[in-house]
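The values are calculated or read from the model by the stated rules, or taken from the named source; none is laboratory data. In this text, all values refer to a predicted model and were calculated from it rather than measured experimentally. We place every Cβ from the backbone using ideal geometry, glycine too, and count neighbours over all the protein chains shown.
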Amino acid sequence: MKTNIHFGILALWLIFLLVPLTSAAIPLSNSNNQHNFSSGAANTNPTTSNPHPHADSPDNLVSPGTSEICIFCHTPHNAAPQSSLWNRRDPDSMGSFPVYGGQLVIKGSFNVTDATLHSQYNSATFPYPNGASKLCLSCHDGVTAIGTVLDGTAFNMLNASNISAMNDPRLVIDLAVSHPISFVYDSQVLSDVSQVKPGQYRLPTLIDVPLDGQQRMQCTTCHDPHEDTRSEPHGLPFWRHNTNTVVSEFEDVCNDCHLADKTGPPAPVLHNM
């Protein structure tokens, strides 16, 4: 009897490990993942039908390609020191990225003493952008080529010419009109913001909507660069807290910091922190 119970428990664990329970996100190993730039990647985005840049065949020795997936961001040797065996150089336009264009307590738009000091938003201590967001912008700056990595290899990228870098939203993130990033969001910053907008914000509670190790909100707070959710009904790329539902998970992530207004959705305050 005990043996049967043990086999039953083992079978349940195997089912749990092998069968996805809720998420239908596309992993990086899948050829349709839009961060998969290997030679085995899909030629087009199956959701938008746009040409997808990917490496040439690894057999092409004149213009090298690769079947490796991780190498476009990571390398085991000669990596950049900042994070995660990083295989990309700093963005070419580092130092010229715009901060969010609207009014913000955290950048000193209101008379809240030491709010900018507490948030460290575009400060001398943590130049903007920083952390994981800086790593994201090593591709999404619209200047640095996807196929050029830190270890000196320059991959021949097929379909790369189909991306008009400086105005293509698939590649360029305009931080002037995007959610603020690279700022500390702790209890002190929440207190600063609450002086201007009481009861409209809280610290994040969802375990899969993380701040970084220094309590800063980064691109990776809302996006997971490895799991592409673009094919989900809502179409949000690499969205965290993927529950394979329609719109609710989008609202869940936003509402984890933004308390929804009782008279309407949280959209009006998304960029007004």
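Of a type in the set (S, T, N, Q), modelled with pLDDT of 90 or more and not in a strand (DSSP E or B): is that true of N122 in this structure? Please lay out each step first, then the result.
Working: of a type in the set (S, T, N, Q): yes; modelled with pLDDT of 90 or more: yes; not in a strand (DSSP E or B): yes.
Taking the combined requirement at face value, the residue satisfies it.
Please determine whether any residue of the range 103-115 is touching a residue at least 12 places away in the same chain (Cβ under 8 Å), in a loop (DSSP other than H, G, I, E, B) and among the aromatic types (F, W, Y).
Within the range 103-115 (the criterion being touching a residue at least 12 places away in the same chain (Cβ under 8 Å), in a loop (DSSP other than H, G, I, E, B) and among the aromatic types (F, W, Y)), the answer is yes, since at least one residue qualifies.
Taking S178, is it free of Cβ contacts under 8 Å to residues at least 12 places away in the same chain and within 30 Å of T44 (Cβ to Cβ)?
Judged against the criteria, S178 is not a match.
In the range 192-229, what residues are among the aliphatic types (A, V, I, L, M), farther than 17 Å from L259 by Cβ and surrounded by 14 or more Cβ atoms within 10 Å (Cβ to Cβ)?
L211
Quick check on the range 92-102: of everything there that is hydroxyl-bearing (S, T, Y) and touching a residue at least 12 places away in the same chain (Cβ under 8 Å), which residue is surrounded by the fewest Cβ atoms within 10 Å (Cβ to Cβ)?
Let us first name the residues in the range 92-102 that are hydroxyl-bearing (S, T, Y), namely 93, 96, 100.
Pick out the ones that are also touching a residue at least 12 places away in the same chain (Cβ under 8 Å) and you get 93, 100.
Details: S93: 12, Y100: 21.
Among residues in the range 92-102 that are hydroxyl-bearing (S, T, Y) and touching a residue at least 12 places away in the same chain (Cβ under 8 Å), the one surrounded by the fewest Cβ atoms within 10 Å (Cβ to Cβ) is S93.
When the range 45-72 is examined, which residues are found to be without any contact (Cβ under 8 Å) to a residue 60 or more places away in the chain and either acidic (D, E) or not in a loop (DSSP other than H, G, I, E, B) (or both)?
Within the range 45-72, D59, E68, C70 meet the criteria.
Name every residue in the range 176-191 that is surrounded by fewer than 15 Cβ atoms within 10 Å (Cβ to Cβ) and hydroxyl-bearing (S, T, Y), in order of residue number.
Result: S178, S187, S191.
Please work out which residue is surrounded by the fewest Cβ atoms within 10 Å (Cβ to Cβ), limiting yourself to the range 73-91 and to residues that are assigned to a loop (DSSP other than H, G, I, E, B) and of a type in the set (A, V, I, L, M).
L85
For the range 218-237: of the residues being modelled with pLDDT of 80 or more and out of contact with any helix residue (DSSP H, G or I) (no Cβ under 9 Å at 6 or more places or on another chain), which is nearest to G131 (Cα to Cα)?
Going through the qualifying residues, I end up with D224.
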